[in-house]
Amino acid sequence: LIELDRAHLVHPVASYRGHEAQGVRVLASAKGATVTDAYGRQLIDGFAGLWCVNAGYGHESIVAAATRQMRELPYATAYFGLGSEPAIRLAAELAERAPGDLSHIYFTLGGSDAVDSTVRFIRYYWNARGKPQRDQFISIEQGYHGSSTVGAGLTALPVFHDGFGIPFDWQHKIPSPYPYRNPAGDDPQAIIAASLAALRAKVEAIGADRVAAFYAEPIQGSGGVIVPPNGWLKAMRDLCRELDILFVADEVITGFGRTGPLFACSQEEVVPDFMTTAKGLTSGYVPMGAVFMADHVYQVIAEGAGASAIGHGYTYSAHPVSAAVALEVLKLYENGLLENGVKAGARLMAGLEALKDHPLVGDVRGRGMLAAIELVTDKTARTPLPAEAQPARRIFDRAWENGLVIRAFANGVIGYAPPLCCTDADIDAILERTAKTLDQTLE
Ligand code: PMP
């Protein structure tokens with residue numbers, strides 16, 4: 001498999017040389033929060049695949065829902081006004097649970113195309129309101145909104161831009177509210193004030209009647225699990241309302257129990273104009289994303305389109321098998337999984353806090369089952385680990401040897417997003433194996 005993989009399977013995101021040298025790591029099976037590789041080695045999946053297997057592995061009821069749907073109706077297009085029962089029921093169930101009036105759902109295949117879809121719907125919206133000049137978009141440094149070309153331009157990680165001619169000139173960024181490394185200091189109110197001032201200044205610089213929308217993750221995931229101060233999301237949302245800019249909450253990671261409830265926006269009492277989700281929606285068993293649209297936005301778009309069609313759609317949008325899986329996953333969340341996630345998340349956070357005295361651990365942060373530790377060489381100066389030592393690759397490899405899958409970010413941040421089904425023993429194993437990995441990193 002390693003040889004076939006080297007010869008034929010393209011892994012753009014893996015460090016090319018590192019991947020060539022190491023060879024692919026093949027996973028063979030999984031159950032609960034434990035994955036087993038092709039050599040039979042068992043590891044705790046501290047990252048739920050790619051922040052997505054929220055329900056954990058091996059749920060027979062999900063398998064049954066998928067096979068039942070495949071047998072009955074494996075495919076129905078959402079084009080030409082056609083549809084299928086599971087997709088319609090799923091839209092209704094999601095609308096019922098969504099924050100505020102986010103009651104119109106457009107299904108995609110994942111997060112990147114969910115983000116792309118919002119860009120298109122937002123342009124339709126402003127055109128329908130007679131303001132086609134509102135075509136400028138703002139997002140946040142260290143944000144991640146996908147790797148399709150439009151989404152990657154909203155993403156603010158340079159590796160996704162290099163060589164692609166993006167971001168486009170209509171895609172702008174403001175600084176991240178990164179509490180551990182914020183020029184405004186550690187005070188939450190000062191951090192919120194700095195973000196508000198930055199958004200105001202950016203809008204003024206672009207032109208008040210030019211800005212279409214502002215994108216924010218409730219917690220920045222791929223940028224290194226950056227948790228803004230409490231109240232930040234609401235403050236940004238309120239400013240967007242004041243400036244008549246649409247507010248998009250990208251909940252692709254934070255949605256579906258990752259931070260506790262189904263949506264982080266609900267936790268923060270924020271009702272965005274759009275919300276993008278994916279990952280936990282189907283818990284990674286099959287691909288699917290969903291764009292939630294506020295009623296007042298949808299009405300403008302629908303009336304603006306009038307008798308004509310909106311030219312946007314994917315062959316696999318509203319896929320019946322994905323929808324059947326999502327309906328089953330939703331039941332699992334509400335029959336104990338969300339609750340277990342909150343309990344396990346508290347244990348994880350307490351255990352990570354206890355690592356704060358470790359000489360390498362500069363910062364511990366997170367909410368629910370989404371957490372990170374940031375490693376530094378000097379705690380007072382908050383000096384990042386030297387990039388040339390490739391800390392991410394070394395830490396990831398060591399953790400793997402210790403039976404733990406984590407996400408090591410290039411800047412020395414270790415990210416955790418375990419399945420919500422973790423037992424106390426799973427969480428304790430994650431913590432013990434982390435401590436062992438850190439001690440080895442010191443050597
Ligand atoms: N938005 C956010 C916040 C994400 O974290 C991701 C994926 N990590 C995406 C969008 C893109 O989702 P996908 O990889 O499913 O296209």
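Bear in mind that the values in this text are calculations on the coordinates, not laboratory data. These numbers come from a predicted model, not from an experiment. All Cβ positions, glycine included, derive from the backbone under ideal geometry; neighbour counts span all protein chains shown.
What is the gain in length, in nm to one decimal, between D162 and N411 on full extension, counting 0.36 nm per residue of separation less the C-alpha to C-alpha distance? Show your work: numbers first, answer last.
Working: separation 249, 0.36 × 249 = 89.64 nm, distance 1.80 nm.
Extra length available between D162 and N411 comes to 87.8 nm.
Rank the residues S139, S112, S283, S266 as a footprinting-exposure proxy: fewest other Cβ atoms within 10 Å of their Cβ go first. Could the numbers behind the result be given before it?
Numbers: S139 26, S112 23, S283 31, S266 17.
If I rank by nearby Cβ atoms, fewest first, I get S266, S112, S139, S283.
According to the square roots a ≥ b ≥ c of the eigenvalues of the Cα gyration tensor, what is the shape class of region 193-343, taking rounded for a/c under 1.5, prolate for a/b larger than b/c otherwise, and oblate for the remainder?
On the way: a/c = 2.31, a/b = 1.21, b/c = 1.91.
It is oblate, given that a/c is not under 1.5 and a/b is not larger than b/c.
Only bridges whose two residues both fall in the chain count here: according to DSSP, what percent of them are antiparallel, nearest 5? Walk me through the intermediate numbers first.
On the way: 32 of 48 bridges.
Close to 65 percent.
With charges only on Cβ, +1 for K and R and -1 for D and E, what is the dipole size of the chain about its Cα centre, in debye, rounded to 20?
Numbers: 38 positive and 49 negative charges, 65 e Å.
With Lys and Arg at +1 and Asp and Glu at -1, about 320 debye.
Enter the Cα centre distance for the pair region 407-443 and region 109-147, rounded to the nearest angstrom.
Between the Cα centre of region 407-443 and that of region 109-147, the gap is 35 Å.
Each residue of region 160-168 in order: what ³J(HN,Hα) in whole Hz does its phi give by Karplus 6.51 cos²θ - 1.76 cosθ + 1.60, θ = phi - 60°, with x for Gly and Pro?
Result, ordered by residue: 7, 9, 3, x, 10, x, 10, x, 5 Hz.
Can you check what the net charge comes to around I174, using other residues whose Cβ is under 11 Å from the Cβ of I174 (Lys, Arg +1; Asp, Glu -1)? Write down the numbers at each step before the final one.
Working: positive: K173, R200, K202; negative: E141.
Around I174, the surrounding residues sum to +2.
Determine the calculated [θ] at 222 nm for the chain from helices alone, applying -39500 (n - 2.57) to every DSSP H run no shorter than 4 residues and normalising by the residue count; nearest 500 deg cm²/dmol.
On the way: 15 runs with 173 residues, N = 443.
Estimated from H runs of four or more residues: -12000 deg cm²/dmol.
Between A425 and L50, take the C-beta separation as r, use R0 = 35 Å, and let me know the FRET efficiency to the nearest 0.05. Don't jump to the answer; show the numbers that get you there.
Numbers: r = 24 Å, r/R0 = 0.68.
About 0.90, to the nearest 0.05.
So if each residue of separation counts as 0.36 nm, and I subtract the Cα-Cα distance between W170 and R241, what length gain in nm does that give?
Numbers: separation 71, 0.36 × 71 = 25.56 nm, distance 2.05 nm.
Between W170 and R241, full extension yields an extra 23.5 nm.
Shape of region 152-204 from its Cα gyration tensor (a ≥ b ≥ c, root eigenvalues): rounded if a/c is under 1.5, otherwise prolate when a/b > b/c, or oblate? Mind showing how you got there, number by number?
Working: a/c = 4.50, a/b = 1.78, b/c = 2.53.
Here region 152-204 falls in the oblate category.
From the phi of every residue in region 22-37, what ³J(HN,Hα) in whole Hz does the Karplus formula 6.51 cos²θ - 1.76 cosθ + 1.60 yield, where θ is phi - 60° and glycine or proline is x?
Result, rounded to whole Hz: 6, x, 5, 9, 9, 8, 10, 7, 7, 8, x, 10, 10, 10, 10, 8.
Quick query: amide H of S29 versus all other amide H atoms, modeled in the peptide plane; which residues come in under 5 Å with a sequence gap of 5 or more or a different chain?
Placed amide hydrogens put T36 under 5 Å from S29.
Order 144-157, 38-51 from most to least packed using the mean count of other Cβ atoms within 10 Å. If you can, show how the numbers build up before the last one.
On the way: 144-157: 23.5, 38-51: 18.6.
Answer by packing, highest mean first, reads 144-157, 38-51.
If you count, for each residue, the other Cβ atoms within 10 Å and average over each peptide, how do 316-325, 83-92 line up from highest to lowest?
On the way: 316-325: 25.1, 83-92: 18.6.
Top of the packing list down: 316-325, 83-92.
Name the residues whose placed amide hydrogens come within less than 5 Å of the amide hydrogen of I140, ignoring near sequence neighbours (fewer than 5 apart) on the same chain.
Sorted by chain and number, the residues that satisfy this are I174.
Kirkwood-based Rg over Rh for the chain (C-alpha set), two decimals?
Details: Rg = 21.6 Å, Rh = 22.5 Å.
A ratio of 0.96.
Whose amide H sits under 5 Å from the amide H of T155, counting only residues 5 or more places off or on another chain, with H placed in the peptide plane?
Under 5 Å from the amide H of T155: H145.
Positive end of the charge dipole of the chain (Lys, Arg +1 and Asp, Glu -1 on Cβ, about the Cα centre): tell me which of V342, L1, M293 has its Cα farthest that way.
Of V342, L1, M293, it is L1.
Mind giving me the nanometre distance, one decimal, between the label points for A193 and R97, set 7 Å out from Cα along Cα→Cβ?
The answer from the label model is 4.0 nm.
Along region 353-368, what does the Karplus equation 6.51 cos²θ - 1.76 cosθ + 1.60 (θ = phi - 60°) give for ³J(HN,Hα), rounded to whole Hz, x for Gly and Pro?
Whole-Hz 3J(HN,Hα) from phi for region 353-368: 4, 5, 7, 4, 7, 4, x, 8, 8, x, 9, 10, 8, x, 8, x.
Positive end of the dipole of region 62-332, charges at C-beta (+1 Lys, Arg; -1 Asp, Glu), about the Cα centre: which of S195, A184, S84 has its Cα farthest in that direction?
It is S84.
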